[in-house]
Amino acid sequence: MLERIIQHLFSLHDYSYSYCEYYGCCQTAPCRYNKLLQKHHDGQLKFPQGLGRYVALYRADAILQIDALYRYDNSSKHGEYDQLIHPDETWWQSEKYIRSLVALVNRDFGFHRRFISRWVSNSDPTILSMEYYDFVKQPKINTRKILKHLFPDAQFGDAQIDRALEVEQPRIVNQMPQAVFEKVKQSLAQ
Ligand SMILES: [Zn+2]
């Protein structure tokens, strides 16, 4: 989402844009090919800090974060691709999904806490942390913040930024239904 907004803005200027998706590119940090942006999930909490400027996009709620990672990690497996990418109401409500998620949250809750302490509760000025839902709710103000952090010398006009947001439309995809969220929370409390 962010990379497309940035790509759109770069295309309006003479700035050269390139993007490293890590696994599909060089699997090194920083990018071996010196690409402008690099995306990484830091699943091992070992992604090097201090190499440049970072935006840490995260979900404050552990259940929602672990759900997103679970569906992302599994999206090419088990022949469940469509349901994981486009879950419908029945799929969200299924016992199988809820059971798997509860087990994963139990397993990964500590990881989420360590991720937050590594990237969010970190006063290193090279890191800008950004909560996913805050970003989507207030894309204009937050995109400006991100651009200023990553590219302090670039000159993006307000109208250009607004237009990029109209085209790319940051939005919440696959929001877990509230009833399912409550069910998972209840199961965790037991
Ligand atoms: Zn790369």
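All of the numbers you see were taken from the coordinates with simple rules; none came from a lab. The shown structure was predicted, so the numbers you read here are calculated from the model rather than taken from an experiment. Neighbour counts run over all protein chains shown; Cβ positions are idealised from the backbone, glycine included.
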Given unit charges at Cβ for Lys, Arg (+) and Asp, Glu (-), the dipole magnitude of the chain about its Cα centre in debye, nearest 20, is 520
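Specify whether the C-alpha gyration tensor of region 81-159 places it in the rounded, prolate or oblate class, a ≥ b ≥ c being the square roots of the eigenvalues: rounded for a/c under 1.5, otherwise prolate if a/b is larger than b/c and oblate if not.
Taking the square roots of the gyration eigenvalues as a ≥ b ≥ c, region 81-159 is oblate.
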Any chance you could give the angle, 0 to 90 degrees and rounded to 10, that helix 62-73 forms with the longest Cα principal axis of the chain? 80
Which residue, 50, 139, 91, has the largest displacement toward the positive end of the dipole of region 2-189 when charges sit on each Cβ (Lys, Arg +1; Asp, Glu -1)? 50
Specify which residue in the list 1, 30, 12 is farthest towards the positive end of the charge dipole of region 1-50, using unit charges on the beta carbon of Lys, Arg (+1) and Asp, Glu (-1), about the Cα centre. 30
Length gain on complete extension for the stretch residue 82 to residue 17, per 0.36 nm per residue less the alpha carbon to alpha carbon distance? 20.3 nm
Is the shape of the chain rounded, prolate or oblate, going by the alpha carbon gyration tensor and its root eigenvalues a ≥ b ≥ c, with a/c under 1.5 for rounded and a/b larger than b/c for prolate? prolate
Per-residue Cβ contact counts at 10 Å, fewest first, order 167, 55 as 167, 55
Peptides ranked, highest mean first, by Cβ atoms within 10 Å: ranges 64-73, 109-118: 64-73, 109-118
Relative contact order %, the chain, counting alpha carbon pairs below 8 Å whose residues are six or more apart: 27
Quick check: the angle from helix 178-189's long axis to the longest principal axis of the chain, C-alpha only, nearest 10 degrees? 70
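Quickly estimate the mean residue ellipticity at 222 nm for the chain, helices only: each DSSP H run with n ≥ 4 gives -39500 (n - 2.57), and the total goes over all residues, rounded to 500. Could you put the intermediate results ahead of the total?
On the way: 9 runs with 98 residues, N = 190.
It lands at -15500 deg cm²/dmol.
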